[in-house]
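Comments concern the structure below.
We did not get these values from a lab; they are worked out from the coordinates using the rules stated. Everything quoted here is computed from the prediction, not taken from an experiment. Counting neighbours? That spans all protein chains shown, and the Cβs are built from the backbone with ideal geometry, glycine included.
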Amino acid sequence: MREVSAPWEHGVVLICNNQRPDGSAKPSCGRGAGDGLKAWLKQAAREQDGPVARCRVLTSSCLDVCPADGVAVALMPGNEVLVVDPEADRDALLGRVRAHMAAHASPSEAGGARGAARRVLGRLRGR
Ligand code: FES
């Protein structure tokens with residue numbers, strides 16, 4: 001084993017694309033839904049300014065949430081997990097990822113974005 005530098009900054013977004021066989025007892029997020037959401041979020045994040053542009057967006061196997069009505073998305077660092085509609089929630093997800101990555105950036109990297117990130121998080125959490 002050897003340690004290497006992470007080729008990304010600020011954090012990672014894991015988007016489940018697990019697809020169970022038809023007739024499975026447990027629902028799954030779905031290959032098409034997960035892959036489509038990942039492709040969109042990766043591009044949208046890169047078009048932003050600030051820490052969100054330098055996060056890593058990856059597909060994942062099952063995150064053990066297994067919603068019947070959406071796709072499971074984990075934001076790291078931290079253990080924040082969301083269930084999102086892969087089409088209707090795209091802009092809300094981008095806002096959440098933007099705030100999450102800004103909140104985990106160093107103060108010098110976040111600059112004035114930290115206060116904005118907290119305001120966005122507050123709105124999303126209904127505070
Ligand atoms: S199938 Fe997506 S979280 Fe389990």
Q: Please find the FRET efficiency linking D69 to A39, where r is the Cβ-Cβ separation and R0 is fixed at 25 Å, and quote it to the nearest 0.05.
A: 0.75
Q: Using a Förster distance of 30 angstrom, determine the FRET efficiency expected from the C-beta separation of S61 and S5, and round it to 0.05.
A: 0.75
Q.
Quick check on the exposure proxy: order D22, D69 from fewest to most C-beta atoms within 10 angstrom.
A. D22, D69
**Q.** Full-extension gain in nm, D85 to S24, via 0.36 nm per residue minus C-alpha separation
**A.** 19.9 nm
**Q.** Built amide H within the under 5 Å cut-off of V57, gap 5+
**A.** V13
(Q) Only counting other Cβ atoms within 10 Å, I'd like R56, R2 sorted with the fewest neighbours first. (A) R2, R56
